[in-house]
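S.K.: Got a structure for you, written out below as structure tokens; questions coming shortly.
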Amino acid sequence: MAAEAQGTAPTPDEVGAMYDQYGDLLADLLGSSAVHIGMYVPHGTRAPVTTLVDMADVAQDRQTEHLIDTFDPAPGTRVLDIGCGTGAPALRLAQRTGCRVTGITVSRTQLARCQERQAVHPAAERVEFAYGNAMALEYDDASFDAAWSIDCVPHLSDRALGLREALRVLKPGGRFLLTEFTLRGTPTEAEMSAYTTLWACPPLRPFAALIGEIDEAGFQVEQVQDMTTNAVLCGELMGVLYQDRREEIERRFGKEALTHTDPLIGPFRSFTRRHTGYHVLVLRKPAG
């Protein structure tokens with residue numbers, strides 16, 4: 001895809017021949033709507049994105065902001081963050097809205113990271129973090145005004161129980177925002193196994209099954225957003241970053257991490273591309 005002799009400028013014929021031979025390959029790698037660089041970073045952006053990791057970080061931050069816009073709890077509202085991860089969404093939610101957030105996670109490492117972030121965050125006084133199980137919440141009935149759960153519900157071995165627990169700790173009329181992965185089509189056993197192994201999740205089920213469990217738990221559905229495209233792109237980016245950062249992964253996590261992950265990445269990307277759905281749902285506990 002370059003002039004034969006290094007350091008020499010190609011002739012017009014050589015440029016044309018390159019596009020004749022490799023134009024379709026370039027379209028697969030660069031994009032097919034045109035033949036130029038895309039605007040991944042809006043012109044004038046203060047902190048430009050220059051790596052795929054940066055792009056992933058920006059995408060996560062953008063998703064957090066979107067979920068806050070969708071959820072929008074009132075100042076002073078007591079919110080439970082079920083599966084708070086490393087704490088950034090809970091802290092940002094409290095900072096932007098003035099609500100009070102309690103975040104729980106089943107990961108001791110995540111909990112420590114939450115507390116590190118909290119220690120230097122301007123909204124620290126309105127947020128607390130604790131170890132907690134979404135399927136056995138250690139809170140009284142009707143003790144929270146609202147709750148959200150970002151990419152935690154997919155991990156639950158008993159999703160129906162998790163939904164009932166969320167309903168129990170909400171006050172009447174309280175809202176619950178959750179995100180959930182759902183199944184599209186019929187994956188191969190290898191594809192489903194790659195997903196469940198990499199994400200420590202039970203097998204996915206269709207969207208209709210989720211709606212049925214929500215109804216059985218006693219929630220009312222107020223809003224549904226189909227964000228499947230974002231999940232597919234995330235899976236693609238994860239696959240690329242894994243291949244690009246193999247040496248770093250081996251250095252940080254050991255060769256066994258590669259041995260474990262290598263056979264899963266291909267079927268995982270296929271599963272995400274062809275069979276994964278992703279939705280944001282806003283539910284409400286009935287007022288009476």
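The values are calculated or read from the model by the stated rules, or taken from the named source; none is laboratory data. Just so you know, these numbers come straight off a predicted model, no measurement behind them. As a convention, Cβ positions derive from the backbone with ideal geometry for all residues, glycine included, and neighbour counts pool all protein chains shown.
S.K.: Would you mind stating whether Leu163 is more than 17 Å from His275 (Cα to Cα), buried (at least 22 other Cβ atoms within 10 Å of the Cβ), aliphatic (A, V, I, L, M) and in contact (Cβ under 8 Å) with a residue 40 or more places away in the chain?
M.R.: Judged against the criteria, Leu163 is a match.
S.K.: Taking region 222-236 as the region of interest, how many residues are touching a helix residue (DSSP H, G or I) at 6+ places or on another chain (Cβ under 6 Å) and aliphatic (A, V, I, L, M)?
M.R.: Going through region 222-236 one residue at a time, the tally reaches 1.
S.K.: Give the residues of region 97-111 that are at negative phi, surrounded by 14 or more Cβ atoms within 10 Å (Cβ to Cβ) and not basic (Lys, Arg), sorted by residue number.
M.R.: Thr97, Cys99, Val101, Thr102, Gly103, Ile104, Thr105, Val106, Ser107, Gln110, Leu111
S.K.: Residues to consider are Pro89, Pro75; find the one that is at pLDDT 95 or above, under 30 Å from Arg117 (Cα atoms) and in a loop (DSSP other than H, G, I, E, B).
M.R.: Details: Pro89 fails: in a loop (DSSP other than H, G, I, E, B).
The conditions single out Pro75.
S.K.: Restricting attention to region 267-288, and to residues there that are part of a loop (DSSP other than H, G, I, E, B) and surrounded by fewer than 19 Cβ atoms within 10 Å (Cβ to Cβ), which single residue is farthest from the chain's Cα centre (by Cα)? Before the answer, list the steps.
M.R.: Taking region 267-288 and keeping what is part of a loop (DSSP other than H, G, I, E, B), we get 285-288.
After this cut, where a residue has to be surrounded by fewer than 19 Cβ atoms within 10 Å (Cβ to Cβ) as well, the list is 286-288.
Working: Pro286: 28, Ala287: 31, Gly288: 34 Å.
Residue satisfying both the conditions and the ranking: Gly288.
S.K.: What number of residues in region 172-193 are of a type in the set (Gly, Ala, Ser) and assigned to a strand (DSSP E or B)?
M.R.: Kept after step one, since they are of a type in the set (Gly, Ala, Ser), are these residues of region 172-193: 173-174, 185, 190, 193.
Retained after the next criterion (residues that are assigned to a strand (DSSP E or B)): 173-174.
Summing the residues that are of a type in the set (Gly, Ala, Ser) and assigned to a strand (DSSP E or B) in region 172-193 gives 2.
S.K.: Filter region 51-72 down to residues that are of a type in the set (A, V, I, L, M) and either closer than 26 Å to Ala147 by Cβ or in contact with a strand residue (DSSP E or B) (Cβ under 8 Å, 6 or more places away or on another chain) (or both), then give me how many there are.
M.R.: The qualifying residues number 3.
S.K.: Can you give me the number of residues within region 113-129 that are assigned to a strand (DSSP E or B) and crowded, with 19+ Cβ neighbours inside 10 Å?
M.R.: Residues in region 113-129 being assigned to a strand (DSSP E or B) and crowded, with 19+ Cβ neighbours inside 10 Å: 2 in total.
S.K.: Right, next: Could you tell me which of the residues Glu247, Glu222, Glu236 is among the charged types (D, E, K, R), exposed (fewer than 14 other Cβ atoms within 10 Å of the Cβ), touching a residue at least 24 places away in the same chain (Cβ under 8 Å) and within 23 Å of Asp57 (Cβ to Cβ)? Reasoning before the result, please.
M.R.: Values: Glu247 fails: touching a residue at least 24 places away in the same chain (Cβ under 8 Å); Glu222 fails: within 23 Å of Asp57 (Cβ to Cβ).
Unique residue meeting the criteria: Glu236.
S.K.: Something else about it: Among (1) of a type outside the set (A, V, I, L, M); (2) within 18 Å of Ala287 (Cα to Cα); (3) touching a Leu at 6+ places or on another chain (Cβ under 7 Å), there is one condition Thr197 misses while meeting the rest; what is its number?
M.R.: Unmet condition: (2).
S.K.: A further question follows. So how many residues does region 31-64 have that are over 22 Å from the mean Cα position of the chain (by Cα), surrounded by 10 or more Cβ atoms within 10 Å (Cβ to Cβ) and either within 15 Å of Leu237 (Cβ to Cβ) or modelled with pLDDT of 75 or more (or both)?
M.R.: 1
S.K.: Now, a different point. Within region 73-93, is even one residue under 21 Å from the mean Cα position of the chain (by Cα), over 25 Å from Met135 (Cβ atoms) and exposed (fewer than 14 other Cβ atoms within 10 Å of the Cβ)?
M.R.: no
S.K.: On to the next question. Count, please, the residues in region 193-208 that happen to be touching a residue at least 24 places away in the same chain (Cβ under 8 Å), closer than 14 Å to Gly277 by Cβ and either among the aliphatic types (A, V, I, L, M) or out of contact with any strand residue (DSSP E or B) (no Cβ under 9 Å at 6 or more places or on another chain) (or both).
M.R.: 1
S.K.: Of all residues in region 111-158, how many are under 23 Å from Ala287 (Cα atoms) and charged (D, E, K, R)?
M.R.: Total satisfying the criteria: 4.
S.K.: Which of (1) in a loop (DSSP other than H, G, I, E, B); (2) under 15 Å from Phe176 (Cβ atoms) does Asn133 not meet, given it meets every other one?
M.R.: Result: Asn133 passes all but (2).
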